[in-house]
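As structure tokens, the structure follows; a few thoughts come after it.
Nothing in this text is a laboratory measurement; each read-out follows from the coordinates by a stated rule. Since the model is a prediction, treat every value here as computed from it, not as a measurement. Counting neighbours? That spans all protein chains shown, and the Cβs are built from the backbone with ideal geometry, glycine included.
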Amino acid sequence: MVALLLIGTCCSTGCGSTPPVVARSLPSAVVSHRPEALDPALLDAAIGGRDGEAYRVGPGDSILVAVYGHPELSIAPYSGTVFDSQNGRLAGLLVDNDGAIQFPLIGSVNVANKTMEELRLFLQSELATYVKEPKVTVQVIFSGSIRYYLLGQFNQPGLKYSDRPLRLLEALSLGGSILLERGSLRMAYVARGSRRLPIDFRRLILEGDLTQNIKLRTGDIVLVPDKTSEQAFVFGAAATGQSRGGAVPFVNGRLTLLQALAQMGFGYRDNAQGRLSSTRVIRSVGDHGELFIVDAAKILSGEAGPFELAPGDVVFVPPTALTTWNEGLQQLLPTLQTISGLLTPFVQIKYLSQ
């Protein structure tokens, strides 16, 4: 009985056992941090699409044109009074793929990208050669030119048509639901022409922030990429003096600064020259960004905790430890120009559109 009590006492007090390991909380490696935001003028120029913006005619639209006092110019084949029973609407004047319509007296005229008022004045000017003081009225009776491209992680991706201009949330609904378990909302974007728009899909979809619910334009591309495509970009001068860098993928949704630097060949030799202690990180989503200076040397030596990267981060290891943010950006800009199509909209607009 005494032996059993002794054994029990030793077990309960840790007799003869190794003391438990207490995890040491490491300090942050962030030396400085400052928030950034897009200039409202740049943001407005990039997004546009204000409420009340006039509709512009495009290929696929049907329009009704009438000339007051001249019924010969408003006969059925031209005025759109013929009813299209197949589509259940007035036939109208169809705007062809070249953006033109065929109109009496003046023949083929290009009407694409004109507002109703611009088109009315244009037709009056063209008809003035044949008709004294023509008074023209114009109306869109079918909007067939509005189309959006929903690509990536949708239940129903593809080309989507609409009979009216839509906002982003309405357009997203045309693709069914977004596959949130596979899609990367942080890397999702709207492309308009060659430019990506600074929209925060996480705030829009997960937080219901309707300031991100922008008005789309026909031809806009909405892409929700797969999470496996998430990556950060690492650049700088290695210890050899040669410039190096590129994209580093996330693994299972995670990537630390040290892992990214190691994959690009930065290590102890850069630490000895003081480069890693002044590592810069540009992070952005939507129209807001953050600029970090991170002492990666302390992480490497175990004196600071890891720094988690976010998809789209741009990491820059400066050539010297004394490089200021502005100097670093000037050295980084030529590299950013070469991969501008892969960068977040914030970086594109803030640093590459100046």
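Here are the numbers for this structure:
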item: Violating pairs (Cα-Cα greater than 27 angstrom) within the set LYS114/LYS215; LYS114/LYS135; LYS160/LYS350; result: LYS160/LYS350
item: Sorted by Cβ neighbour density within 10 Å, fewest at the top, the residues LEU180, LEU127, LEU43; result: LEU180, LEU43, LEU127
item: Inter-site label distance for VAL109 and ASN326 at 7 Å from Cα along Cβ, in nm; result: 5.4 nm
item: Gain in span if fully extended, VAL251 to ASP163, counting 0.36 nm per residue against the direct Cα distance; result: 27.5 nm
item: Gained length - LEU210 relative to PHE122, 0.36 nm times residue gap less alpha-carbon distance; result: 27.9 nm
item: Principal axis dimensions, the stretch 150-255 - Cα atoms, whole angstrom, descending; result: 59, 28, 25
item: The stretch 297-314 versus the stretch 188-216: alpha-carbon centroid distance in Å; result: 29 Å
item: In range of the label at ARG147: residues from the stretch 162-196 whose backbone nitrogen is under 14 Å from the point 7 Å along Cα→Cβ; result: 162-163
item: Calculated log₁₀ intensity ratio I(q)/I(0) where the Debye formula runs over C-alpha points of the stretch 187-230, q = 0.33 Å⁻¹; result: -1.21
